[in-house]
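Each reported figure results from applying straightforward, stated rules to the coordinates on display, with no laboratory input. Because the structure is predicted, anything quoted here is derived from the model rather than measured. Methodologically, a virtual Cβ is constructed for each residue, glycine included, from the backbone with ideal geometry; neighbour enumeration extends over all protein chains shown.
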Amino acid sequence: MANPPVALSEAISTAVQLGPLALIGLLYARRAHTLADTAHPVPGWRQACFYGGFVTIGAALTSLGGPSEELLYVHMIEHLLLGDIAALLIVLGLTGPLLAPVLRIRFFDRLRALSHPLIAFPLWAIDLYVWHLPVLYQAALRHPALHALQHSMFLMLGINMWMCLLGPLPTPAWFGNLARLLYIVAVRLTATVLGNVFLWSSSAFYPYYLHGDAVFHISPVADQNLAGAIMMVEESLLTLGLFCWLFLRTAREGEERQDLLDFARGHGLELTDARAARAVGAGRGPELRLRLQAQADAAHDGAAHTDDGAQPTPAPAPEPARGRV
């Protein structure tokens with residue numbers, strides 16, 4: 001059976017992918033509007049990140065969709081925008097209160113297990129490599145539904161991978177800043193290996209692109225090497241950004257933890273370093289500060305009540321002993 005024209009195939013694939021995303025965007029806007037009048041409004045920069053992720057997806061699918069059917073390096077840009085950049089922006093746009101209604105649904109609450117670092121990373125890595133096998137990669141190019149599935153998996157498992165680092169869901173106690181550093185290195189190294197395969201290959205992996213390479217006067221191997229170079233540059237820039245973020249996070253958490261310890265010590269309150277570190281690492285440093293402030297105020301009020309001038313009631317004098325008659 002003949003394959004559908006490239007323009008029609010890409011239009012179908014784009015419609016299949018953008019339809020559900022538009023619905024999710026509307027639900028996000030509605031939830032953010034509801035939270036605006038509560039004590040947990042969604043910060044403007046997070047909303048900008050979320051919508052920026054959706055704009056990135058739309059731009060990748062509409063402006064790069066056609067050329068990505070002809071050139072491998074353009075398709076690589078499309079996949080990087082979906083699986084890395086858009087996924088990262090969407091995660092930055094999420095907060096706990098935003099996800100609360102979704103997590104009340106039992107099915108989605110159980111899916112939280114997939115965001116464990118030891119599960120999220122292998123799922124993402126397997127998805128990345130399996131979809132780049134020639135048989136699946138070229139099948140996705142020929143079948144719109146499979147192509148939509150490929151893009152959806154890149155996006156969803158990318159979101160799941162970033163959720164461990166930047167998302168609002170709880171992480172294991174051992175997943176501190178050192179573990180986050182190792183996680184970033186593992187993720188970037190995994191993608192770098194694939195980028196090097198494309199960059200230094202001397203034979204074309206995907207015959208599907210031979211026609212497009214001929215039309216645009218680029219050799220199949222050069223097209224493939226360029227795709228690998230683009231992947232390497234994007235990975236390098238993203239890794240540098242993540243290292244800067246982790247450094248700033250570590251410095252901020254260290255300062256916040258020390259401020260909590262100094263506050264507790266200055267008010268005679270008991271606070272261990274481990275408890276302060278756990279609260280700061282979970283993003284609950286301000287909550288712990290409020291609890292400590294409440295304890296300090298209660299202790300101060302109690303002391304003031306004792307020293308407000310009230311005199312204790314004197315004990316009655318002992319009754320003198322009666323002599324014998």
Q) Which distance in Å, rounded to a whole number, links the C-alpha centroids of the stretch 139-163 and the stretch 61-110? A) 9
**Q.** Residue order, fewest to most surrounding Cβ atoms within 10 angstrom, among Met232, Met161
**A.** Met232, Met161
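Given the -39500 (n - 2.57) contribution per DSSP H run of 4+ residues, what per-residue ellipticity at 222 nm results for the chain, rounded to the nearest 500 deg cm²/dmol? Could you put the intermediate results ahead of the total?
Working: 15 runs with 237 residues, N = 325.
Rounded to the nearest 500, it is -24000 deg cm²/dmol.
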(Q) Net charge within 15 Å of Leu237 by Cβ-Cβ distance, Lys/Arg positive one each and Asp/Glu negative one each, not counting Leu237 itself? (A) -2
Q | In the stretch 37-109, trypsin sites (Lys or Arg not before Pro) in a DSSP loop with at most 10 other beta-carbon atoms within 10 Å | A | Arg104
Q: Let me have the relative contact order for the stretch 6-255, percent, based on Cα pairs under 8 Å that are six or more residues apart.
A: 23
Q. Once you charge only the Cβ atoms, +1 for Lys and Arg and -1 for Asp and Glu, what is the size of the charge dipole of the stretch 6-255 about its Cα centre, to the nearest 20 debye?
A. 940
Q | Most mobile listed residue (Asp213, Asp297, Asp259) in the chain, GNM with C-alpha springs under 10 Å | A | Asp297
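Which helices, taking whole DSSP H runs in the chain, have alpha carbons extending 30 angstrom or more along the helix axis plus mean Kyte-Doolittle at least 1.0?
Details: long enough: 6-35 (43 Å, 0.96); 144-166 (32 Å, 1.16); 177-200 (34 Å, 1.35); 220-266 (69 Å, 0.17); 285-306 (32 Å, -0.63).
Span-like helices here: 144-166, 177-200.
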(Q) Defining a contact as two alpha carbons under 8 Å apart and six or more residues distant in sequence, what relative contact order in percent does the stretch 23-121 show? (A) 30
**Q.** Inter-part distance where the stretch 228-276 and the stretch 191-227 are each reduced to a Cα centre, Å
**A.** 40
(Q) With unit charges on the beta carbons (Lys and Arg positive, Asp and Glu negative) and the dipole taken about the Cα centre of the chain, which residue among His143, Ala229, Leu181 sits farthest to the positive side? (A) Leu181
(Q) Taking the beta-carbon count within 10 Å as an exposure proxy, list Tyr137, Tyr209, Tyr129 from fewest neighbours to most. (A) Tyr129, Tyr137, Tyr209
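Kirkwood-based Rg over Rh for the stretch 6-255 (C-alpha set), two decimals?
Working: Rg = 19.0 Å, Rh = 19.3 Å.
When Rh is taken as the Kirkwood radius, the ratio is 0.98.
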